[in-house]
Amino acid sequence: MGNVNKSRRQFLITLGSSVIALGVGYFLGSVTRPAKEIISTTTKTLTKTVTTTVTATGTPTTTTTTPVAPGLSAVAQRAVAGVKELMDKGVISPGTTLRILHVAGSRANLEKAIELWKQYVPEVNVELITLGQEPDVYNKAMQEAVTKTGSFDVVTIFSTWLGDVVEAGLAKPLDAYYSKYDPGYTGPCAPIEPLGSYTTTYKGKRYALNLDSDVFTLSYRKDLLTNPEYQNEFQAQYGKQLKVPDTWEELIDMAEFFTNLNLTAPSGGKVWGAYFYAEPRFAAYITWLNIFVEAGGILFDLKTMDPKIDSPEGRYAFDIMLKLKPYMPPEAVTASWADLYDKFVKGETVFTAAWPSLTKEAHRPTSAVKDVAGSALMPGVEVEVGGTKKLIRAAPNPVNWVGVVSNYSKYPELGYLFLQFATAPDIGLEMILTGVILDPFRKCWFTEPKYRSKLVQGYGEEFVEVYMQSLGISFPDLLIRGGPEYLAKLTTNVNAVMAGTKDPETALSDTASDWDSITSKYGVDEQLAAWQGLAELFPDDVKSVWKARGYM
Amino acid sequence: MVNRPAPRSIKLLANIPLNLLLFSVLIVPFVLMIYLAFLEWNPASGYDWWKAPITGLTNFKKALEDARFLYSFRLTMIYVVVTVAVEFLLGLALAYLLLEDFPGKKLVIAAVIYPLMLPPVVVATIFYLMFQDYGPINNIFLRSIMGASALNLHWFLRPDTAFITLLIADIWQWTPFIFLIMYSALSAVPKRLVEAAQVLGAGSSTIFWRIRLPLIKPLIIIAVVLRALEAFKVFDYVYIMTGGGPGTSTETVSLYIYRVAIEYHDISYAAAMSLIVLAVIMVVIRAFIWYAFERGE
């Protein structure tokens, strides 16, 4: 009996001691914890990398004594005034922290915007929650839609994800804020249309602000293409002129020619004739889709929503890609998207195609091709329309980052105002020129001298001209519900064909079958309505082929 | 003085925190997963999961007809069999070799178990870089054997070589795990038994096969089962080194379920696949334990 009592007593003593120890520990922890500001930078669990970019310093000033600084564009001024008004009304208080979830590639861009924000709105802190890979942002955004934690206020997303994040309930409708604060979406400095609308609108409502435009252009080594010795040699071998290629067929010959020259880049690596996306993670679909659309292909039937990719145009796109494969570095099939940038900037590829930021990177002082990187329209495909051959050119506009305000944010209006400030004509241009992945999206940056001169400094005169033309032939990404899933399935199959693990016929039929399932999941009628609207946004030349072939 | 068990009330009281913890972190999510597997729901469907329609066994049927799921499952089984077999043989051999005392033995053991201390994500990144075309495997090791042609070996471009890189990374990191268990087991074999056998004229080989190995059999089973369970969940190496590619040729079942759940947001389907995987693993492991432990009883 004594032993039992002793055990019970010991147990109760241990239990009591533990409770007391926990209490004392909690008390000590509470009294010794650092200031709240510091805690907010160290206790986040949402991301892989969390860093506070800006913290407000100094004594908070009252809004009535802080004038909106002159020199700012009207759009930015309205954003700053809006923040002051929120503070006046007590909606937010000095020291409020805004949290932005974004991908690592846009960090420098956003840091610039925050640096400028700090000059005008020092009372509001902005924290960046940085994720490493693009799909991570999508995943975190969709998880937030389920968990509703309010752990971030703003998220930057691919425009293709908009349908999903809206339907999942994450994206807050912004029409009221657009009306109240006017982000400058009309007039000569509005975002480039139709990109500005289709990337920010879903089912007729605004849910986002433009941060970017992403139309692809062809980049090439001008020094090699204009070299008289190579020009003569190419003429002798192929019986045609060495010049910027108008078609993919021409590009294949040139890629073969340069690959066989076995040139060595300044980096010491081999110079490959071409590098177009075929990688497994997300970008392989871009190359295939570009050729497919130029060949007159249409993704879905405009009456039934049946996938139309298992078609001659689909096979043609694979044919071109497979012909290019021997002249591309093996990493084109295995490495991540950034490898293309790395190789071009090192001078290791002659022809490549990517987002505008590639040109920005190629113009940096550290680039091996800073003086010899040329820009041109994407190569086209010659197709027969009404009995005559016509060169069809189109340029994909994949990704297109936009900013979305979370429905679960404590400060949605403040989140919107930050986005309006960051994307204003003056601030936005500074932002895109400073970092990597965000690129020009406002019309006046190309037309108004004060902005254009800055743009030319960052991208080069030739690119600015070519980009304006490319915008006119651009086509949207698959901006319908399930867009990321449709494209992920396509990417996987394109990569499989390029790696030789699937033949094109199987890949196309597998993709079509996968797409059917995705369409069924979201409902044929709804998907069809969205696709019909999207199809209207394709370039007129492409639509003329669709009409000639009875697709439209 | 007789030791009597503690009263039932104390036992129950003591168990409450643990049961609450287990219930909230294991039972609730598991029950939820089972429920989700019978629904048709994804976060972009526009409604909450508790309002999703019940679709019965549709997701299970779909999984059993999904060629990508079946392929990834088969590939994972091959992965488990190869890695665990090689790791076991290497781990056992290393443990046997390091059984005898020699100067610097502690240092050697520390070096052998070092890979175990690295996070798999770090190991995957290291091996990803090592197997690049101009990485040290091609440029230093194979180049010294094969010459310049080694630089044309594109490890991640072919399904078979890409798969081999995954196996190598796994074996490098997890052989020390088997080694540790085998080393402890072999060290615990009573010396008197070994000495008695030696006195009776048994050779090293006989002692190993007839005395040491039978005595450590229970620990071998534990090591193999634990390692097989872990290997079946392989994700980090595949995600970082090959991304499941080229195509989907190195996509393991964990990566595929991850993609379905997190990238395609087909939560219900992912839950159904997870349950199928769980059921198969339970059956396989149970059969293995029966074969190893209970068959002869």
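Worth a mention:
- The helices (runs of 4 or more DSSP H) located wholly in the range A:166-276 that include 3 or more residues which are within 30 Å of residue A:146 (Cα to Cα) occupy A:175-181, A:195-198.
- Of all the numbered requirements in (1) surrounded by fewer than 22 Cβ atoms within 10 Å (Cβ to Cβ); (2) among the small types (Gly, Ala, Ser); (3) not in a loop (DSSP other than H, G, I, E, B), residue A:150 misses one, and that requirement is (3).
- If you check A:436, A:402 for being among the hydrophobic types (A, V, I, L, M, F, W, C) and at pLDDT 95 or above, only one passes: A:402.
- Any hit, the range B:182-191, residues being charged (D, E, K, R), out of contact with any helix residue (DSSP H, G or I) (no Cβ under 9 Å at 6 or more places or on another chain), free of Cβ contacts under 8 Å to residues at least 40 places away in the same chain and under 30 Å from residue A:496 (Cβ atoms): no
- For the range B:227-270, the set of residues classified as within 28 Å of residue B:290 (Cα to Cα) and free of Cβ contacts under 8 Å to residues at least 40 places away in the same chain consists of B:233 only.
Listed here are the residues, each with its yes/no results for (1) within 17 Å of residue B:275 (Cα to Cα); (2) away from every other protein chain (no Cβ under 14 Å); (3) over 20 Å from the mean Cα position of the chain (by Cα).
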{"site": "B:3", "(1), (2), (3)": "no, no, yes"}
{"site": "B:23", "(1), (2), (3)": "no, yes, yes"}
{"site": "B:42", "(1), (2), (3)": "no, no, yes"}
{"site": "B:51", "(1), (2), (3)": "no, no, yes"}
{"site": "B:65", "(1), (2), (3)": "yes, no, yes"}
{"site": "B:72", "(1), (2), (3)": "yes, no, no"}
{"site": "B:82", "(1), (2), (3)": "no, yes, no"}
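- Residue count, the range A:472-501 (criterion: part of a loop (DSSP other than H, G, I, E, B), surrounded by fewer than 24 Cβ atoms within 10 Å (Cβ to Cβ) and at the interface with chain B (Cβ under 8 Å from one of its Cβ atoms)): 2
- Only one of the listed residues (B:163, B:156, B:102) is within 14 Å of chain A (Cβ to nearest Cβ), assigned to a loop (DSSP other than H, G, I, E, B) and either out of contact with any Asp or Glu (no Cβ under 7 Å at 6 or more places or on another chain) or more than 25 Å from residue B:187 (Cβ to Cβ) (or both). That residue is B:156.
- Qualifying residues in the range A:122-136 (those that are surrounded by fewer than 23 Cβ atoms within 10 Å (Cβ to Cβ) and over 20 Å from the mean Cα position of the chain (by Cα)) - the one farthest from residue A:437 (Cα to Cα): A:123
- Residues (away from every other protein chain (no Cβ under 14 Å) and surrounded by fewer than 16 Cβ atoms within 10 Å (Cβ to Cβ)) located in the range B:143-153: B:144, B:145, B:146, B:147, B:149
- Taken together, A:116, A:110 contain a single residue that is at pLDDT 95 or above, within 25 Å of residue A:426 (Cα to Cα) and in contact with a His (Cβ under 9 Å, 6 or more places away or on another chain), which is A:110.
- Test: residue in the range B:194-216 that is outside any helix (DSSP H, G or I) and buried (at least 18 other Cβ atoms within 10 Å of the Cβ): yes
- For the criterion of being closer than 30 Å to residue A:251 by Cβ and surrounded by fewer than 24 Cβ atoms within 10 Å (Cβ to Cβ), residue A:350 fails.
The values are calculated or read from the model by the stated rules, or taken from the named source; none is laboratory data. Owing to the predicted nature of the structure, the values given are computational and were not obtained by experimental measurement. Heads up, the Cβs are rebuilt from the backbone with ideal geometry, glycines too, and the neighbour counts pull from every protein chain shown.
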